[in-house]
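Please read the structure below before turning to the comments.
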Amino acid sequence: TIRYPPTASEHTSMCDLVVSSNDPAQPTLNCTFCSKAHHPVPIMVVEKTDLDYHDVELGFSFTKPLIIRNDGDADLTVNVTDVSPLPVDAAQWSVREQGAATIAPGTNHVFKETFTPGMLGSYLTQMTVAGNDLVRPSATVMLHGNGIAPIPIDNVLVMDRSGSMSEAAGTQTKIQALQKAANLYIDLLRPETGSGMGDKIGMVKYNDANSIY
């Protein structure tokens with residue numbers, strides 16, 4: 001039995017042993033041994049350190065993932081925090097997911113960061129990722145985006161009013177399903193409040209011919 005106790009550092013070792021015997025054909029035998037000492041380490045990789053949200057209309061949100069990957073062979077512990085002092089622009093991010101996480105080798109962890117601009121303009125904030133990677137213990141992530149005025153949408157719903165719409169569609173008729181879908185669609189539109197930024201909708205029905213509601 002040959003035992004190889006690794007030292008505290010990464011290194012490769014080699015040694016030769018001579019085995020002697022009373023074998024007349026081969027009285028000695030040279031044996032070479034090679035071993036490599038390795039201590040598992042975590043390797044932190046932040047997939048994107050620049051999260052660009054581009055243009056987001058006021059009243060809308062856009063979520064991007066902050067992905068941290070462990071390319072090492074030991075558990076990676078990370079902690080995500082806002083930079084200090086906290087930038088004023090950070091308030092434009094309705095969700096800045098932070099905190100600690102343990103990431104197993106070969107896996108990743110996702111922190112979700114949501115940009116919800118409340119005013120027109122360009123905004124920038126930063127977050128820090130700190131981990132137990134001895135080579136790269138920390139990284140700074142930039143988050144930036146623009147809040148822009150809502151862009152009104154012109155919509156037209158074209159609805160089937162032919163006789164086949166009285167047929168069953170599960171537990172309801174096709175026309176009942178159409179009414180629910182149309183109501184949901186209209187509920188998602190932005191109302192006109194006098195700013196001229198409200199969405200517009202028209203409705204057209206058809207069977208053997210079409211007409212405007």
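The values are calculated or read from the model by the stated rules, or taken from the named source; none is laboratory data. All figures in this text were calculated on a predicted structure; none of them were measured in a lab. Because the Cβ atoms are built from the backbone with ideal geometry, glycine has one as well, and the counts that use them run over all protein chains shown. Ligands, DNA and RNA are excluded from the accessible area calculation, which covers all protein heavy atoms including side chains. Shrake-Rupley method; radii C 1.70, N 1.55, O 1.52, S 1.80 Å.
Values computed for the structure shown
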item: The chain - percent relative contact order, Cα under 8 Å, separation 6 or more; result: 17
item: Residue with peak Gaussian network fluctuation, the chain [Cα springs, cutoff 10 Å], from S13, S61, S195; result: S13
item: Diffusion constant of the chain at 4 °C, which comes from Stokes-Einstein with the Kirkwood Cα-pair radius and 1.567 mPa s, µm²/s; result: 54
item: Accessible area, probe 1.4 Å, largest first, for residues C31, C15; result: C15, C31
item: Under 15 Å, Cβ to Cβ, from K174 - net charge with Lys/Arg +1 and Asp/Glu -1; result: +1
item: Angle between the chain longest axis and helix 174-187 axis [Cα atoms, degrees, rounded to 10]; result: 80
item: Exposure of M142 as accessible area (Å², to 10), given a probe of 1.4 Å and all protein chains; result: 60
item: For q = 0.15, 0.19 Å⁻¹, Debye-computed log10 I/I(0) when each Cα of region 1-84 counts as one equal scatterer; result: -0.83, -1.01
item: Candidates T102, T28, T140: whichever shows maximal mean-square fluctuation once the chain is modelled as a Gaussian network with Cα springs under 10 Å; result: T28
item: Förster radius 35 Å - calculated FRET efficiency between A177 and D75, Cβ distance, rounded to 0.05; result: 0.10
item: The chain: most fluctuating residue of L124, L17, L134 per GNM, C-alpha cutoff 10 Å; result: L17
item: Per-residue SASA entry for H11, accessible area with 1.4 Å probe, Å² rounded to 10; result: 50
item: Selection from N30, L66, L51, by position along the positive dipole direction of region 1-93 (Cβ); result: N30
item: 222 nm mean residue ellipticity, helices alone, for the chain (DSSP H n ≥ 4; -39,500 (n - 2.57); rounded to 500); result: -2000 deg cm²/dmol
item: Whole-number percent relative contact order across region 28-148, with pairs defined as alpha carbons under 8 Å at least 6 apart; result: 34
item: Cross-link reach list, lysines versus K180, counting only Cα pairs under 22 Å and skipping chain neighbours closer than eight places; result: K200, K205
